[in-house]
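*Asks:* Here it is, the structure in full.
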Amino acid sequence: MDYEAFFRQKLEDIKAEGRYRIFADLERCAKDFPYAFYYNEGNPRRVVVWCANDYLAMGQHEKVLDAMTTAISRVGAGAGGTRNISGTNHYHVLLEKEIADLHDKEAGLVFSSGYVSNEASISALATHLPECVVFSDAHNHASIIQGIRNSRAHKEIFRHNDVRHLKDLLSRYPKEKAKLIIFESVYSMDGDIAPVEAFCDLAEEYNALTFIDEVHAVGMYGHKGGGIAQRENQSHRLSIIEGTLGKAFGVVGGYIASSAQLIDFVRSFAPGFIFTTSMPPAVAAGALASIRHLKTSQLERARHQETVLKVKKRLTQAGIPFMPTPSHIIPIMVGNAHQCKMASDRLLKEHNIYVQPINYPTVARGTERLRITPSPVHTDAMIDDLIDALKSVWNYFYIEYAA
């Protein structure tokens with residue numbers, strides 16, 4: 001077999017479809033987000049980032065930066081090993097306690113990323129629960145899908161956010177059978193929100209564990225930033241709450257919060273946790289500072305929601321087609337992979353605005369989009385520039401406006 005020819009052909013295929021991914025070479029400006037320097041052929045240009053997952057700009061917050069630099073000066077750079085072999089630093093212990101308190105759970109467990117926290121936890125649970133059946137939302141993240149796949153448990157896929165379909169699937173199994181219902185709170189590409197209370201009702205009715213992925217909601221919603229479940233007073237009804245430290249909290253890493261017994265079980269049986277070098281203590285210190293700040297400060301969340309509403313209003317006035325989501329995520333619909341990529345390129349080249357195109361397989365073909373994520377530090381002038389740039393690009397490529 002000609003391996004290089006195989007790789008080359010596969011790459012040519014996705015380039016022909018307009019969905020070849022190019023990573024923008026960006027250098028974020030400390031304490032000056034959403035500005036970044038874009039490196040194009042060695043010539044840096046200052047651009048405005050409109051698609052970051054650092055939703056509240058906590059990655060630039062002085063408390064977070066100070067905590068990380070202090071930790072480095074105290075304990076050095078790396079953790080020194082896995083959590084089991086010399087890699088449990090006191091910052092990890094403090095962070096896990098803070099996570100448990102954030103979600104009003106007995107315990108927390110920190111992982112190297114949100115992807116790993118999903119894959120490792122779900123795989124461990126579904127593998128070891130006897131004859132477990134997993135019920136997974138059709139729009140669940142790749143990390144959830146991989147965790148289910150690795151467990152080799154029997155799975156049932158219910159239609160996205162469809163309570164009736166989930167109920168129908170659950171009713172086919174005896175109440176005493178082990179069941180795990182997995183869903184997200186905020187879905188990152190469509191920006192819609194799960195019916196958390198209704199799913200909890202079904203879990204109680206059919207004796208199922210619940211696993212909610214709150215990665216796009218933690219820090220953003222709830223009186224302490226505990227996510228959609230906290231906002232809707234459902235945290236106590238959920239078996240496992242999974243979140244990330246790499247979005248609204250501004251650092252990197254993932255976690256779960258649950259009962260002390262379940263956390264200890266995952267800690268003891270999940271290879272993705274056991275055999276991975278633990279996160280650097282400075283990262284844990286930064287995440288700890290971020291969570292502590294957002295548990296008491298409402299300023300970032302309030303300003304963020306104001307900016308989101310402004311952007312949605314201006315898009316509506318301009319006739320730019322977008323999904324009217326109930327969350328902070330704003331998908332601007334293009335509907336064609338080539339046009340989506342060209343629109344993104346032109347925004348960057350001509351307007352110094354960076355918005356990554358979202359194409360298949362992340363979203364279905366025909367639903368290609370630009371995904372806008374406003375932050376509390378995007379100014380009114382930046383919003384004006386964004387709207388003007390979008391109209392210019394829409395006109396240049398003859399992209400359809402909203403009806």
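*Asks:* Shape of segment 1-140 from its Cα gyration tensor (a ≥ b ≥ c, root eigenvalues): rounded if a/c is under 1.5, otherwise prolate when a/b > b/c, or oblate? If you can, show how the numbers build up before the last one.
*Replies:* Numbers: a/c = 1.91, a/b = 1.13, b/c = 1.69.
Taking the square roots of the gyration eigenvalues as a ≥ b ≥ c, segment 1-140 is oblate.
*Asks:* So what's the projected area for segment 280-400, the Cα convex hull averaged over all directions, in nm²?
*Replies:* For the Cα atoms of segment 280-400, the hull's average projected area reads 9.2 nm².
*Asks:* Continuing with this model, one more query. How many percent of the accessible area of the chain is carbon or sulfur, using a 1.4 Å probe?
*Replies:* So the carbon and sulfur contribution to the accessible surface is 52 percent.
*Asks:* Sticking with this structure for a sec: Just need log10 I(q)/I(0) for segment 338-403 at q = 0.12, 0.18 Å⁻¹, Debye formula, equal scatterers on the alpha-carbon atoms, no solvent, rounded to two decimals.
*Replies:* -0.32, -0.70
*Asks:* Under 5 Å between amide hydrogens, which residues at least 5 positions from THR82 or on another chain qualify, with H placed 1.01 Å from N in the peptide plane?
*Replies:* GLY87, SER278
*Asks:* Identify which of PRO331, PRO321, PRO44 has the largest mean-square fluctuation in a Gaussian network model of the chain, with springs joining Cα atoms closer than 10 Å.
*Replies:* Per the Cα network of the chain with a 10 Å cutoff, PRO44 tops the list.
*Asks:* Which residue, chosen from SER290, PRO280, LEU209, occupies the Cα position most advanced towards the positive end of the dipole of segment 198-316, where the dipole is computed from +1 (Lys, Arg) and -1 (Asp, Glu) charges on Cβ about the Cα centre?
*Replies:* Checked the options; the winner is SER290.
*Asks:* Give me the orientation-averaged projected area of the Cα convex hull of segment 1-40, in nm², one decimal.
*Replies:* If you wrap the Cα atoms of segment 1-40 in a convex hull and average its projections, you get 4.3 nm².
*Asks:* Let me spell out the model: positive unit charges on the Cβ of Lys and Arg, negative unit charges on the Cβ of Asp and Glu, origin at the Cα centre of the chain. What dipole size does that give, in debye rounded to 20?
*Replies:* Details: 44 positive and 46 negative charges, 28 e Å.
The dipole of the chain has a size of about 140 debye.
*Asks:* Follow-up. Once you've got the GNM for the chain with C-alpha springs shorter than 10 Å, pick whichever of GLY42, GLY286, GLY59 has the biggest mean-square fluctuation.
*Replies:* In this elastic network of the chain, the residue with the biggest mean-square fluctuation among GLY42, GLY286, GLY59 is GLY42.
*Asks:* Compute a Gaussian network model of the chain, connecting alpha carbons closer than 10 Å, and tell me which residue from ASP66, ASP168, ASP385 fluctuates the most.
*Replies:* For the chain, modelled as a Gaussian network with Cα springs under 10 Å, the answer is ASP168.
*Asks:* Report, largest value first, the span of the C-alpha coordinates of the chain along each principal axis, in whole Å.
*Replies:* 60, 54, 54 Å, listed from the longest principal axis down.
*Asks:* On average, how much accessible surface per residue is there in segment 181-313, in Å², for a 1.4 Å probe, leaving out ligands, DNA and RNA?
*Replies:* 33 Å²
*Asks:* Another question about this same structure. By the scheme Lys and Arg +1, Asp and Glu -1, what is the net charge of all other residues having a beta-carbon under 10 Å from that of ILE330?
*Replies:* +3
*Asks:* Using the 2.2 N^0.38 Å rule of thumb for compact globular proteins, work out how segment 113-221 stacks up: its C-alpha Rg over that value, please.
*Replies:* Relative to the rule-of-thumb radius for its length, segment 113-221 sits at 0.99.
*Asks:* Let me ask something additional. Where the centre of each part is set by its Cα atoms, how far does segment 1-68 sit from segment 277-292, in angstrom?
*Replies:* Segment 1-68 and segment 277-292 have Cα centres spaced 23 Å from each other.
*Asks:* Still on this structure, please answer the following. Under a 1.4 Å probe, what is the accessible area of segment 81-141 per residue, stated in Å²?
*Replies:* I get 39 Å² per residue for segment 81-141.
*Asks:* Right, next: Show me the chymotrypsin sites (Phe, Trp or Tyr not before Pro) within segment 5-70 that DSSP assigns to loop and that have at most 13 other Cβ atoms within 10 Å of their Cβ. Don't jump to the answer; show the numbers that get you there.
*Replies:* Numbers: sites: PHE6, PHE7, TYR20, PHE23, TYR35, PHE37, TYR38, TYR39, TRP50, TYR55; in loops: TYR20, PHE23, TRP50, TYR55.
Hits after loop and neighbour filter: PHE23.
*Asks:* What is the sum of charges, Lys and Arg at +1 and Asp and Glu at -1, for the other residues whose Cβ falls under 14 Å from the Cβ of ASP101?
*Replies:* Working: positive: LYS97, LYS105, LYS224, ARG292, LYS295; negative: GLU96, GLU98, ASP104, GLU106.
Combined, the nearby Lys, Arg, Asp and Glu give +1.
*Asks:* Just to confirm the filter: which GluC sites (Glu not before Pro) across segment 114-187 are DSSP coil and have at most 11 other Cβ within 10 angstrom of their Cβ?
*Replies:* Details: sites: GLU119, GLU131, GLU156, GLU176, GLU184; in loops: GLU131, GLU176.
Sparse-neighbourhood loop GluC sites (Glu not before Pro): GLU131, GLU176.
*Asks:* Let me ask you something else. Under a crude label model (7 Å from the Cα following the beta-carbon direction), how far is ASN40 from ARG28 in nanometres?
*Replies:* It works out to 2.2 nm between the two label points.
*Asks:* Turning to a different aspect of this structure: Determine the distance separating the Cα centre of segment 235-258 from the Cα centre of segment 133-180; give it in Å without decimals.
*Replies:* 20 Å
*Asks:* With the radius of gyration and the Kirkwood radius both derived from the Cα set of segment 199-268, what is their ratio Rg to Rh?
*Replies:* Here Rg/Rh amounts to 0.99.
*Asks:* What's the local net charge at ARG21, with K and R +1, D and E -1, over the other residues with C-beta under 11 Å away?
*Replies:* Result for the local shell: +3.
*Asks:* At each listed q (0.24, 0.25, 0.29 Å⁻¹), what is the log10 of I(q)/I(0) that the Debye formula gives for segment 169-230 modelled as equal alpha-carbon point scatterers?
*Replies:* Listed by q, the Debye log ratios stand at -0.95, -0.99, -1.17.
*Asks:* Helix-derived [θ] at 222 nm for the chain: sum -39500 (n - 2.57) over DSSP H runs of at least 4, divide by residue count, nearest 500?
*Replies:* Dividing the helical sum by the residues of the chain leaves -13500 deg cm²/dmol.
The values are calculated or read from the model by the stated rules, or taken from the named source; none is laboratory data. Worth saying up front: this structure is predicted, and the values here are computed from it rather than measured. All Cβ positions, glycine included, derive from the backbone under ideal geometry; neighbour counts span all protein chains shown. Areas reflect the complete protein model, heavy atoms only, side chains present, ligands, DNA and RNA absent. Shrake-Rupley method; radii C 1.70, N 1.55, O 1.52, S 1.80 Å.
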